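First comes the structure, then the notes that go with it.
The values are calculated or read from the model by the stated rules, or taken from the named source; none is laboratory data. Not measured: the values here are computed from a predicted model. We place every Cβ from the backbone using ideal geometry, glycine too, and count neighbours over all the protein chains shown.
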There are 2 protein chains.
Amino acid sequence: MIAIASPVPPVRDSAARQRILLTAHDLFYRDGVRATGIDRVIAESGVTKATFYRHFPSKNDLVRAFLDYRHRRWMAWFVEALQRHGSAPTAIVPSLAEWFRGEGFRGCAFINSLGELAGSLPEVADITRCHKQDMTDAIAAVLPASRRRRQQADAVALAVDGAIIRAQFNQSPDAALSALARIVKSLLA
Amino acid sequence: MIAIASPVPPVRDSAARQRILLTAHDLFYRDGVRATGIDRVIAESGVTKATFYRHFPSKNDLVRAFLDYRHRRWMAWFVEALQRHGSAPTAIVPSLAEWFRGEGFRGCAFINSLGELAGSLPEVADITRCHKQDMTDAIAAVLPASRRRRQQADAVALAVDGAIIRAQFNQSPDAALSALARIVKSLLA
DNA sequence: GCCGTCGTAGACAGAGTTGTCTACCTTGAA
DNA sequence: TTCAAGGTAGACAACTCTGTCTACGACGGC
């Protein structure tokens with residue numbers, strides 16, 4: 001037996017894995033990561049423990065996969081929403097309004113994870129930084145080209161984070177949205 | 001025996017209770033509420049289980065006390081810092097800079113709790129709303145009197161929340177502080 | 001001096017946590 | 001046809017979590 005390369009190609013896209021990831025996404029986002037036990041994910045995704053641990057050797061592996069999936073999914077939605085609303089600075093507030101008013105909105109998954117996982121999964125800060133960098137880039141893409149575009153995008157992104165937080169605890173997102181609109185307008189004036 | 005009022009006046013300020021609350025504050029803020037077990041709080045505050053449960057019948061009671069204490073303590077610091085920096089709009093950024101650069105800064109305790117406790121302690125949203133309302137009032141107090149002061153304070157407070165978040169995952173708070181300064185300046189222009 | 005309050009000390013219950021293990025079935029490719 | 005990968009099913013270990021309980025000591029006001 002010669003066996004040059006590893007004979008065990010990891011299965012990245014099996015149906016069971018997808019089901020686990022989708023279920024974990026919904027539960028982690030809705031109830032929080034620590035509040036959601038592995039057993040719950042296993043039961044609701046309809047697989048067995050052996051199958052689960054074949055794909056995700058530990059809960060932290062699942063959490064990392066969840067954050068990665070969340071990032072790709074949220075960014076795809078955000079870029080699409082900005083385009084749909086005109087790819088202009090005025091697209092930012094109505095896009096976020098969609099999200100805030102959507103069923104099951106519970107804030108930013110990365111910000112939420114930051115608080116509860118800092119101890120058990122230190123890289124969550126780096127992951128969040130990457131996520132917010134991509135969000136900032138998407139915002140910069142709808143701002144008018146100018147020498148200060150980078151700085152303006154940073155400031156708008158910071159305000160967007162503030163708006164997400166306030167929409168999370170304020171029941172109605174209206175106040176957060178109008179405050180954000182005011183900030184965006186005065187920054188670009 | 002006539003016994004008009006309850007003969008068991010709750011002890012609000014015993015030494016043991018203070019020690020428990022202080023310890024819980026440090027641990028909850030540093031490691032998160034869910035990540036911190038009751039046993040840990042008990043061990044580090046040097047009391048026994050019976051004593052602990054005499055003062056706090058459940059962990060949720062301790063969490064509520066923690067948030068209340070945190071609110072009073074943080075507000076006292078914030079108001080004092082704003083005064084110390086001149087009680088003007090320009091006092092906001094340097095005050096926050098103190099906090100962000102301080103040892104053990106780990107973001108806003110209320111925002112952090114929001115994500116991890118929404119399921120087990122629903123009132124955390126109301127508590128956070130009250131806290132942020134008081135923070136907004138403190139900000140309004142250093143803004144110039146005008147017809148739009150309330151709205152300006154709301155917008156600044158929203159941006160402050162964004163700055164807190166970014167200072168939490170960005171290692172250096174400099175970018176968050178300068179973006180916040182830019183927002184404050186343009187809002188008051 | 002008595003009694004209630006506050007405290008120490010620690011065993012214990014009951015539930016939930018992550019993760020391992022054995023045993024067997026199915027499917028597709030060499 | 002054989003064999004390995006991926007899946008089902010579920011017992012089990014080891015630990016941690018919250019919360020209860022008994023027994024006893026110290027102190028202060030009535």
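In the list A:Ile183, A:Ile139, A:Ile165, A:Ile127, which residue meets the criterion of being under 16 Å from B:Gln152 (Cα atoms), among the β-branched types (Val, Ile, Thr) and assigned to a helix (DSSP H, G or I)?
Exactly one residue qualifies, and that residue is A:Ile183.
Just to be sure before I move on: is A:Val184 facing chain B (nearest Cβ under 9 Å) and among the β-branched types (Val, Ile, Thr) in the structure I sent?
No.
Residues are listed down the side, and each one gets a yes or a no for (1) within 22 Å of A:Pro89 (Cα to Cα); (2) in contact (Cβ under 8 Å) with a residue 12 or more places away in the chain; (3) of a type in the set (A, V, I, L, M, F, W, C):
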| position | (1), (2), (3) |
| --- | --- |
| A:Ala118 | no, no, yes |
| A:Val124 | no, yes, yes |
| A:Asp137 | yes, yes, no |
| A:Leu143 | yes, yes, yes |
| A:Arg148 | yes, no, no |
| A:Gln151 | yes, no, no |
| A:Asp161 | yes, yes, no |
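If you go through segment A:37-53 and keep only what is within 21 Å of the chain's Cα centre (by Cα) and among the β-branched types (Val, Ile, Thr), you end up with A:Ile38, A:Val41.
Screening segment A:2-31 for residues that are more than 20 Å from A:Arg70 (Cβ to Cβ) and β-branched (Val, Ile, Thr) and picking the one that is modelled with the highest pLDDT gives A:Val11.
A count restricted to segment B:54-79 and to residues that are closer than 13 Å to B:Arg17 by Cα and either away from DNA strand C (no atom under 16 Å from the Cβ) or within 8 Å of the chain's Cα centre (by Cα) (or both) stands at 2.
Quick grid of which residues meet (1) within 14 Å of DNA strand D (Cβ to nearest atom); (2) over 12 Å from A:Leu117 (Cβ atoms); (3) within 14 Å of chain B (Cβ to nearest Cβ):
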site: A:Ala24; (1), (2), (3): no, yes, no
site: A:Tyr29; (1), (2), (3): no, yes, yes
site: A:Arg34; (1), (2), (3): yes, no, yes
site: A:Gly46; (1), (2), (3): yes, yes, no
site: A:Lys49; (1), (2), (3): yes, yes, no
site: A:Arg54; (1), (2), (3): yes, yes, no
site: A:Arg64; (1), (2), (3): no, no, no
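When residues in segment A:32-53 are screened for being surrounded by fewer than 17 Cβ atoms within 10 Å (Cβ to Cβ) and more than 9 Å from DNA strand C (Cβ to nearest atom), 3 of them pass.
Residues in segment A:45-72 that are among the aromatic types (Phe, Trp, Tyr) and closer than 14 Å to A:Ile127 by Cβ: A:Phe66, A:Tyr69.
Selection of segment A:168-180 for residues being more than 9 Å from chain B (Cβ to nearest Cβ), assigned to a helix (DSSP H, G or I) and more than 15 Å from B:Gly162 (Cα to Cα) yields only A:Asp174.
Take the residues in segment A:86-128 that are of a type in the set (Ser, Thr, Tyr) and away from chain B (no Cβ under 12 Å); name whichever of them is farthest from B:Pro173 (Cα to Cα). Applying the filter and picking the extreme gives A:Ser87. Listed residues A:Arg34, A:Arg72; which is at pLDDT 95 or above and assigned to a loop (DSSP other than H, G, I, E, B)? Going through A:Arg34, A:Arg72 in turn, just one is at pLDDT 95 or above and assigned to a loop (DSSP other than H, G, I, E, B): A:Arg34. Here B:Glu103 fulfils each of the conditions (1) part of a helix (DSSP H, G or I); (2) more than 17 Å from B:Ala157 (Cα to Cα) apart from (1). May I ask you to verify whether A:Ile139 is surrounded by 22 or more Cβ atoms within 10 Å (Cβ to Cβ) and either more than 7 Å from chain B (Cβ to nearest Cβ) or in contact with a strand residue (DSSP E or B) (Cβ under 8 Å, 6 or more places away or on another chain) (or both)? Yes; evaluated as a whole, the condition is true for this residue.
When segment A:17-38 is filtered for residues that are free of Cβ contacts under 8 Å to residues at least 12 places away in the same chain and in contact with a helix residue (DSSP H, G or I) (Cβ under 8 Å, 6 or more places away or on another chain), only A:Ala35 remains.
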